[in-house]
Amino acid sequence: MSSLRADPPTSKIHPEAEETTSCLCSSSKIDHFDRLPDSLLLFVFNKIGDVKALGRCCVVSRRFHSLVPQVDNVVVRVDCVISDDDTSSSSSIKSHSSSSSSSSSGFSSIFRLVFGGISKPFQALTQLLGPKVNSRNGNGPSLSVATDDDMELDQAAVTHHSPTQVLKNFNEISFLRIELPSGELGIDDGILLKWRADFGSTLDNCVILGAASVITNNKISRVMQQENAAAADDDDNGSIPESFYTNGGLKLRVVWTISSLIAASARHYLLQPIIADHKTLDSLVLADADGQGVLCMNREQLEELRVKPLSASSASKRTLVPALNMRLWYAPHLELPDGVVLKGATLVAIRPSEQAASKKDVSDISWVSSTFEEPYGTAAKMLVKRRTYCLEMNSF
């Protein structure tokens, strides 16, 4: 009897598996990210904001490279402020790197930005405004962001780019925030000094909040409250005690005021090229990482600066401060609701004399009390309820 033997199978037992595998392979070749609309990507980029992160996004793909310049919300964190001495000493490094950087894209420079480098944050006002040796290009102290062409923290290869250079390829900026590494005013530990200034072509207004010391410990607060109970009783009318004039308290507040105004006018002076290059700006803020000072400009103020010539002091590299009217409030001991105690709390509201004379709402101080974030906003609201002292200051 002959045996029947089955022929070997000529087809695969699981054809469905093969079809599934082939489908997976074909789908893996599709970049689903490309299906996202440009508007959604721009929304994400605007949430990122940081110019260095956007620079890195820019080199991911050609599509990203074309979309990043359309971002309208940008944050630039400055690594250092280079004085004339620093500029002249590093001129050879800059000239050496200029030939290679000129041929590369501006966003490639952003991608190579690194934090720190050989940056030297300026801690004192004199570093920004003091007399310096003229640099080769004749420029004064300038904001700078450190870059490294080789992506290594090698001091010999670090170059510097100003915010103007970093932002040159952004075409649609509406909201720009520039953050300095630290405040310009070198103050002692424990002293509180904050300011906010609004500028157009010149100073529009400025508010300064200061205190000789800030105490946050509740136990110390209670002890100090007991020690100053008698003084507090005598100060119910909000008047300034006689000791304020004799122990140097008034002189210190004058120094705070002038220093804050000089710092604000120096920042304003440095913003001129950025404002001229970016006509789409609606808001510009120049702050510092310490939270010491904030310079703000809205759309109307930005347009005013473009139209009206800037009154500047070329020698000191800052905008001239006009004649001012000032209102001052003072409290020897100010305890906030959260337990924080400000000793020698002082609030100064400043407006140009011409503007103050033309304003009908001279008594309106709502703009003063809403200037600072908490808990200092509460401090300002408490201080404006006290007796007001008026002062005047000449242009400088």
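The values are calculated or read from the model by the stated rules, or taken from the named source; none is laboratory data. If you're wondering where the values come from, they're calculated on a predicted model, not measured in any experiment. Heads up, the Cβs are rebuilt from the backbone with ideal geometry, glycines too, and the neighbour counts pull from every protein chain shown. Surface accessibility is based on the protein's heavy atoms, side chains included, excluding ligands, DNA and RNA. Shrake-Rupley method; radii C 1.70, N 1.55, O 1.52, S 1.80 Å.
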* Look at residue 345 and say whether it is part of a helix (DSSP H, G or I), at pLDDT 90 or above and in contact with a strand residue (DSSP E or B) (Cβ under 7 Å, 6 or more places away or on another chain). => no
* To do: Please verify whether region 343-350 includes one or more residues that are in contact with a Gly (Cβ under 6 Å, 6 or more places away or on another chain), closer than 20 Å to residue 253 by Cβ and open to solvent by less than 40 Å² (accessible area, probe 1.4 Å).
  => yes
* Structure fact -> Of the candidates 328, 281, the one satisfying the condition of being open to solvent by less than 20 Å² (accessible area, probe 1.4 Å), at pLDDT 90 or above and either part of a strand (DSSP E or B) or among the β-branched types (Val, Ile, Thr) (or both) is 328
* Output the number of the condition that residue 185 fails; it satisfies all remaining conditions of (1) at pLDDT below 50; (2) in a loop (DSSP other than H, G, I, E, B); (3) within 19 Å of the chain's Cα centre (by Cα). => (1)
* Long-range neighbours under 8 Å by Cβ, at least six apart or interchain, first residue of a type in the set (Phe, Trp, Tyr) within region 367-396, second open to solvent by 50 Å² or more (accessible area, probe 1.4 Å) and in a helix (DSSP H, G or I) -> 396/258
* So, in region 295-314, of the ones that are under 11 Å from residue 199 (Cβ atoms) and not charged (D, E, K, R), which residue ends up most open to solvent (accessible area, probe 1.4 Å)? -> 298
* Criterion: in contact with a Ser or Thr (Cβ under 6 Å, 6 or more places away or on another chain) and either closer than 19 Å to residue 371 by Cα or aromatic (Phe, Trp, Tyr) (or both) - qualifying residue of 336, 347 -> 336
* Looking at region 170-190, which of the residues that are surrounded by fewer than 17 Cβ atoms within 10 Å (Cβ to Cβ) and touching a helix residue (DSSP H, G or I) at 6+ places or on another chain (Cβ under 8 Å) is nearest to residue 253 (Cα to Cα)? -> 186
